[in-house]
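> To start, I am sharing the structure in question, which I have written as structure tokens.
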Amino acid sequence: MTGTGDTPRTDLFWELAGRIARIPGLVHPLPLRRAAEAFAERFGPVDTEHSGMVREDLYATLRACDAYPEGLRFYLDRLGSGRTGTLAWAAVEHMYLRLYPERLLTAAEHEELCALLAQRSAATPLGPLALRFLPFLPRPATDESTGPEAVADLLDALEDALVLPDEAHPLLCFVEAVAAGQQRSPAVELQAWNDKVAHRIGCPPELLRRVRSRERTRVGRPAEPYRLLVEIVAHPAAPDEYHVRGWLLAPDPQPPTLLADCRAASRAALEETVAALHQSALERLGELSAGLRVEFLLPRPLLWLDVDQFPVRPAGSVPRPIGADHTVLVRSRDRFHKRYWWPALHRRLAWLEAHPEGVFEAPAVQYVAHGRAPAPYDLLSELRDGQTPFCYVLLDPPAYDGDLAADPVYVLLEVGIPAIVALRRQGHHADARPQLWNLLAGRLDGLPDRVRHLRGVNPGGGGSAVTLDLHRHVTLVWDSQDGLEGAEAALGHPRTGGGHP
């Protein structure tokens with residue numbers, strides 16, 4: 001909206017009457033009488049005293065019409081009928097906008113935003129956030145959350161804020177800043193409100209995406225984090241020698257940055273190579289490293305390699321497993337290169353997209369108990385045409401002996417199971433299932449984050465959560481809609497080999 005400044009409204013009405021009086025034809029009684037009669041028919045008679053002076057009489061009529069909601073707008077529309085295309089009437093409309101500034105938001109949008117802001121976390125103060133987009137707050141307040149009136153005044157000021165070239169409107173930026181500090185549901189609702197309003201007011205989508213990424217990065221929760229992709233393969237004839245390639249993948253359509261393409265002659269050398277890749281990614285990204293996701297592209301023989309436990313040593317800090325700091329996912333190299341498997345994967349992912357509230361329970365999740373590895377053909381027959389389950393939990397991840405035809409895990413990859421949780425540690429199976437259930441229960445699409453939190457458990461923290469050291473022994477094989485977009489060209493020439501961990 002555009003404010004009226006310090007000009008009294010009485011002066012604005014007097015100026016409006018003067019601009020109407022200067023329009024040829026409107027000083028005659030007939031158009032004034034017709035407009036007054038139309039107004040009286042809609043709202044009631046206009047009770048004013050006539051002085052015989054056109055401007056004074058117009059001033060009194062305008063003030064009387066303004067006493068009714070939308071009355072002034074109705075009177076001007078009738079009076080200006082047939083004259084709206086003239087410069088003289090444009091001056092009248094300009095003066096009306098000073099009396100009733102044009103708002104950026106509709107009444108419904110304003111009301112909805114106020115309701116969403118009222119539901120925000122108590123840890124999200126609006127005043128300090130708004131000051132990033134305003135030169136000053138609209139009113140001094142010891143508590144910026146004093147009530148709906150204070151929030152409404154703040155939104156009015158943000159509607160009036162200066163819009164810089166090639167930037168989103170400050171109000172949209174403010175809403176993104178608030179959303180970045182909320183939990184999933186409030187954040188999604190605020191972002192949906194922003195998407196809708198940005199489209200209506202003509203804000204380019206790329207500007208809003210840039211603001212969203214920037215605001216979430218500021219609080220360490222980027223909407224589209226960078227990804228460190230590490231491919232590890234080994235030849236069967238030399239299973240302890242590895243070939244490693246690593247790329248940094250940007251969230252927007254940019255070519256992947258190759259960070260490494262080298263060999264590692266031992267397990268220790270492999271861990272050192274991964275640690276160097278991790279440090280290189282941190283140094284390149286700086287503050288954009290918040291939320292960095294690390295994905296390992298592994299062939300079937302290396303699928304249970306404990307990559308989430310590879311130690312990293314960020315400069316100036318203590319060593320820790322890479323999975324304690326980042327979401328670490330394993331992606332199937334076999335599934336990536338066998339594109340005729342993709343339709344089955346996409347069918348199950350479509351089920352997850354259609355059931356966003358799907359949770360970690362049957363029928364979406366299937367447990368394979370200790371000592372009960374399913375027969376591959378029976379598994380294929382059971383799962384070939386289904387949409388669920390979405391996730392398999394393996395309390396005994398089957399070892400790979402080189403025979404793919406006898407490997408149930410290969411069947412799970414072929415039929416498109418997007419998520420496989422495998423417990424690498426042997427023993428304590430009676431306790432493993434309930435502990436995994438308790439630690440991983442929740443929305444399916446949040447499974448990677450929950451596994452990351454599990455891996456960050458302090459081994460000395462006590463409690464049943466660490467009885468089995470689950471944080472050290474869980475592999476998450478994961479495929480989602482994001483897939484490996486942006487990496488196809490780099491990964492287009494598959495290495496041969498497999499190897500054993």
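The values are calculated or read from the model by the stated rules, or taken from the named source; none is laboratory data. Because the structure is predicted, anything quoted here is derived from the model rather than measured. Don't worry about glycine lacking a Cβ; one is built from the backbone with ideal geometry, like all the others, and counts go over all protein chains shown. These accessible areas exclude ligands, DNA and RNA; they are computed on the full protein's heavy atoms, side chains included. Shrake-Rupley method; radii C 1.70, N 1.55, O 1.52, S 1.80 Å.
> Order 412-419, 99-106, 210-217 from most to least packed using the mean count of other Cβ atoms within 10 Å.
The packing order, highest mean first, is 412-419, 210-217, 99-106.
> How large is the Kirkwood hydrodynamic radius of segment 376-427, counting all unique pairs of alpha carbons, in Å?
Roughly 11.7 Å, rounded to one decimal.
> Next question. Quick check: the angle from helix 148-160's long axis to the longest principal axis of the chain, C-alpha only, nearest 10 degrees?
Value to nearest ten degrees: 90.
> Something else about it: Might you tell me the accessible area per residue for segment 306-369, computed with a 1.4 Å probe and given in Å²?
Spelled out: the 1.4 Å probe surface of segment 306-369, per residue, equals 44 Å².
> Name the long-range amide H neighbours of Val312: under 5 Å, sequence gap of 5 or more, or other chain; modelled H, no Pro or chain starts.
Answer set, sorted by chain and number: Arg320, Ile322.
> On to the next question. How long, wide and thick is segment 346-464, going by the Cα atoms along their three principal axes, in whole angstroms, largest first?
Cα spread of segment 346-464 along its principal axes, largest to smallest: 44, 37, 20 Å.
> Which shape class, rounded, prolate or oblate, goes with segment 1-107 when its Cα gyration tensor gives a ≥ b ≥ c as root eigenvalues, a/c under 1.5 marks rounded, and past that a/b bigger than b/c marks prolate?
Since a/c stays below 1.5, the shape of segment 1-107 is classed as rounded.
> Once both axes come from the Cα atoms, what is the angle between helix 87-99 and the longest principal axis of the chain, in degrees from 0 to 90, rounded to 10?
For helix 87-99, the angle is close to 70 degrees.
> By its C-alpha gyration tensor, with a ≥ b ≥ c as the square roots of the eigenvalues, how is segment 80-201 shaped: rounded for a/c under 1.5, else prolate for a/b larger than b/c, else oblate?
prolate
> What length, rounded to one decimal in nm, is gained on full extension from Ala269 through to Ala152, with 0.36 nm per residue of separation minus their alpha-carbon distance?
Roughly 36.1 nm would be gained on extension.
> Based on the alpha-carbon gyration tensor of segment 24-63 and its eigenvalue square roots a ≥ b ≥ c, which shape applies: rounded if a/c is under 1.5, prolate if not and a/b is larger than b/c, or oblate?
Oblate shape, in that a/c is at least 1.5 and b/c is the bigger or equal ratio.
> Computed from the coordinates I sent, mean projected area of the Cα convex hull in nm² equals one of [x] 25.0; [y] 26.1; [z] 32.3. Tell me the label.
Calculated mean projected area of the Cα convex hull in nm²: the matching label is [z].
> If you don't mind, another one. Could you please state, rounded to a whole Å, how far the C-alpha centre of segment 116-135 is from the C-alpha centre of segment 318-381?
39
> Over the chain, calculate the relative contact order: mean separation of alpha carbon pairs under 8 Å at least 6 apart, over the residue count, as a percent.
With pairs under 8 Å counted, the relative contact order is 11 percent.
> Which net charge results when you count Lys and Arg as +1 and Asp and Glu as -1 among the other residues whose beta-carbon is under 9 Å from that of Glu295?
Value of the local net charge: +3.
> Helix 170-180 versus the longest principal axis of the chain: what is the Cα-based angle in degrees, 0 to 90, to the nearest 10?
So the inclination is approximately 30 degrees.
> Follow-up. With each pseudo-label sitting 7 Å past Cα toward Cβ, what's the Ala237-Ile201 distance in nm, one decimal?
Inter-label distance under the simple model: 6.6 nm.
> If I ignore ligands, DNA and RNA and count only protein heavy atoms, how much of Ser51 is accessible to a 1.4 Å probe, in Å² to the nearest 10?
70
> Express the carbon and sulfur contribution to the solvent-accessible surface of the chain as a percent, rounded to the nearest whole number, probe 1.4 angstrom.
That share works out to 54 percent.
> Just to confirm, what accessible area per residue do you get for segment 63-126 at 1.4 Å probe, in whole Å²?
Normalised by residue count, the accessible surface of segment 63-126 is 54 Å².
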